[in-house]
Amino acid sequence: MRRYLTLYWYFLLQRFKILLEYRANFMIGASSTIILQIAGLLTIWVVMGQIPDLNGWGFDEVLLVYGLITLAKSINHMFADNLWTIGWSYVRSGQFDRFLVRPIDPLFHLLADRFCHDGIGNFLVGAALVAKSTASLGIAWTPFNALYLAVAVLSGGAIFIALNLITATSVFWITESIPVTQVIFNTHEFAQYPLTIYHRGIQILLTWVLPYGLASFYPASFLLGREVGALAWLSPVVALALLVIAFRVWLFGLRHYSGTGS
Amino acid sequence: MPIIQAENLSKVFRIPHKDPGVAGAFKAVLRPRFEDKVAVNGISFSVEPGEIVGYIGVNGAGKSTTIKMLTGILMPTRGNVQVLGRDPHRQRVANARDIGVVFGQRSQLWWDLAFIESLNLVAKIYEVPPARYKQLLDQFAETLELGELLRVPIRNMSLGQKMRAELAATLIHAPRIVYLDEPTIGLDLIVKERIREFIKQQNRAAGTTVILTTHDLGDIEELCPRVIIIDAGALIYDGPISTIKARFGKYREITFETLGDASACAVPPGAEIVGAEPRKLTLRFDRTLTTASQVAQAVMNAIEVKDFSLAEPDLASVIKQIYGGALREPVTP
């Protein structure tokens, strides 16, 4: 474990050296996500301007939901972006074979190979939204609330990573996993808003099947004092379980790969 | 005690069968059918520590598949392979510490990083002790002339520089076995020479076992006392290169430039025509049946010869004959 943490640190250092060499690229990447986020936020702002109340949720309350999922997504974006590009930049090019002849875990190698700085923009936007909405809503930053938020965001990030890992594993059968990842990943957009505005089927989907709701709606509800029962506490448990399942799926895919090659 | 032992090693790929056209594509989706493609078929061989073995065959003969099984990337369909007493696939990580792999033109170095930074990272991955790292780096910097390259990012390197950098990165953890998949492809003669020298030196000084796939006969002649030849997935020869040369080297080629029409000439006994143009005749003769002077005399008696030359059979023509099917029946060295 310690060895992997040190190694990750070295990978990160090298990555930043590259980024410093391409400063313009770094700035454009990190800020492009901010601009994209602003576009999304404008939509909420316009919609909420028309209907000040979204099924009982005010503007700042919706912003908190939106901010939480943006933070969770940014963790996935920063630390696991290679799950998107595994097909064309690693498996198809044969670079993935390189990971298999190195004395470290291939999944670790894949993730450590590229910290994605574009996610930093997402992180900043998410943090700003959560700061703004909690301030407006008068949610105090008590140690308990801070810890609760941190756990919720980390669990949310883990849920994103786990689902992307499962879909990315399809690369070992179809050599390009982006379409599969895209379909599953895009459902998180529902969870940018309070789940109560949706049909029951979608609520169940985002709570129990693709639990993106556990990264946004449920923790936000808890902080706002809205009753969601045990679901307020379920995020870390589900995140951990999902990570274990995803890793099993990944290992299964890896076994298939060693049977067939690319 | 062999360092690599392959027994009846086979790899069969199941590939989806598609009929041509749109209809075929639909059929493949609705009712997938699979064909078995035998990439490697029952290969057995063993390699002793410190050997340099040339692993050769035409494209698609199964070289890469074999290397992938030896390195642990692929699992054999049948048969068994042991590398340093381990199963390279099941004990992939342990095996990885003891081997180094150069995959043709795919670099293992980070494109945008200065070479020295890439090397540092590779050394961290393999946990090379700092003192050992420094010593090997100094040694490689000298023999591969890396000094001025250390600060250069890989993307700015020429093909030859890249390959030198690649070799250094592959050997920086002092692996006991290195697999080199076409290490000299596309390089000029001077770089080829330097790389061969480096491989030889590593083999001599550190006792590194080398498995080399190549299409470059210079590599084989200079580096590999022993070759393994595979064709269509099967092993067709395993033995010293000298045996191959002796067996196929009994033929000589002699070319005549003539003043008159060369086709008028009768073929002398023990020889055969390999090329005939109006004023040029190339004959191949078996040295055990006739001599150069007998062949030359017979031709000269028939027509006026302006010039003639005698060619030593090089390994290229020998290999061409083998790939052409001359060794379909396995021979014992």
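State yes or no: is B:Arg204 of a type outside the set (Val, Ile, Thr) and under 18 Å from B:Leu137 (Cβ atoms)? Judged against the criteria, B:Arg204 is not a match. Just to be sure before I move on: is A:Arg226 assigned to a loop (DSSP other than H, G, I, E, B), modelled with pLDDT under 95 and farther than 17 Å from A:Ile75 by Cβ in the structure I sent? Spelling it out, A:Arg226 is indeed assigned to a loop (DSSP other than H, G, I, E, B), modelled with pLDDT under 95 and farther than 17 Å from A:Ile75 by Cβ.
Annotation note: of A:Leu7, A:Leu19, the sole residue that is within 29 Å of A:Gln192 (Cβ to Cβ), within 11 Å of another protein chain (Cβ to nearest Cβ) and out of contact with any Gly (no Cβ under 7 Å at 6 or more places or on another chain) is A:Leu19. Filtered by the rule that a residue be in a strand (DSSP E or B), in contact with a Pro (Cβ under 7 Å, 6 or more places away or on another chain) and not hydrophobic (A, V, I, L, M, F, W, C), the stretch B:1-32 gives B:Ser10, B:Lys11, B:Pro16. Candidates B:Glu272, B:Glu253, B:Glu304, B:Glu277: the one that is open to solvent by 40 Å² or more (accessible area, probe 1.4 Å), farther than 20 Å from B:Glu182 by Cβ and in contact (Cβ under 8 Å) with a residue 60 or more places away in the chain is B:Glu253. Among the residues that make up the stretch B:49-62, is at least one of them assigned by TED's automatic domain parsing to the domain that holds B:Gln161, open to solvent by 40 Å² or more (accessible area, probe 1.4 Å) and more than 25 Å from A:Ser93 (Cβ to Cβ)? Scanning the stretch B:49-62, I find at least one residue that is assigned by TED's automatic domain parsing to the domain that holds B:Gln161, open to solvent by 40 Å² or more (accessible area, probe 1.4 Å) and more than 25 Å from A:Ser93 (Cβ to Cβ), so the answer is yes. Per the listing A:Val125, A:Val101, the residue uniquely within 14 Å of chain B (Cβ to nearest Cβ) and surrounded by 20 or more Cβ atoms within 10 Å (Cβ to Cβ) is A:Val101. Checking each residue of the stretch B:90-97 against the condition of being under 28 Å from B:Leu159 (Cβ atoms) and within 10 Å of chain A (Cβ to nearest Cβ) gives at least one match. Scanning the stretch A:114-149 for residues that are touching a residue at least 60 places away in the same chain (Cβ under 8 Å), touching a Ser or Thr at 6+ places or on another chain (Cβ under 7 Å) and of a type outside the set (Gly, Ala, Ser) yields a total of 4. In this structure, does B:Pro268 turn out to be assigned to a loop (DSSP other than H, G, I, E, B) and within 33 Å of the chain's Cα centre (by Cα)? For B:Pro268, the condition - assigned to a loop (DSSP other than H, G, I, E, B) and within 33 Å of the chain's Cα centre (by Cα) - is not met.
Of all residues in the stretch B:220-248 being open to solvent by less than 10 Å² (accessible area, probe 1.4 Å) and closer than 15 Å to B:Val318 by Cβ, which is modelled with the lowest pLDDT? Among residues in the stretch B:220-248 that are open to solvent by less than 10 Å² (accessible area, probe 1.4 Å) and closer than 15 Å to B:Val318 by Cβ, the one modelled with the lowest pLDDT is B:Ile244.
The values are calculated or read from the model by the stated rules, or taken from the named source; none is laboratory data. These numbers were taken from a predicted model, which means no experiment stands behind them. Note that each Cβ is placed from the backbone with ideal geometry, even for glycine, and that neighbours are counted across all protein chains shown. Just so you know, the surface numbers come from the protein's heavy atoms only, side chains and all, with ligands and any DNA or RNA stripped out. Shrake-Rupley method; radii C 1.70, N 1.55, O 1.52, S 1.80 Å.
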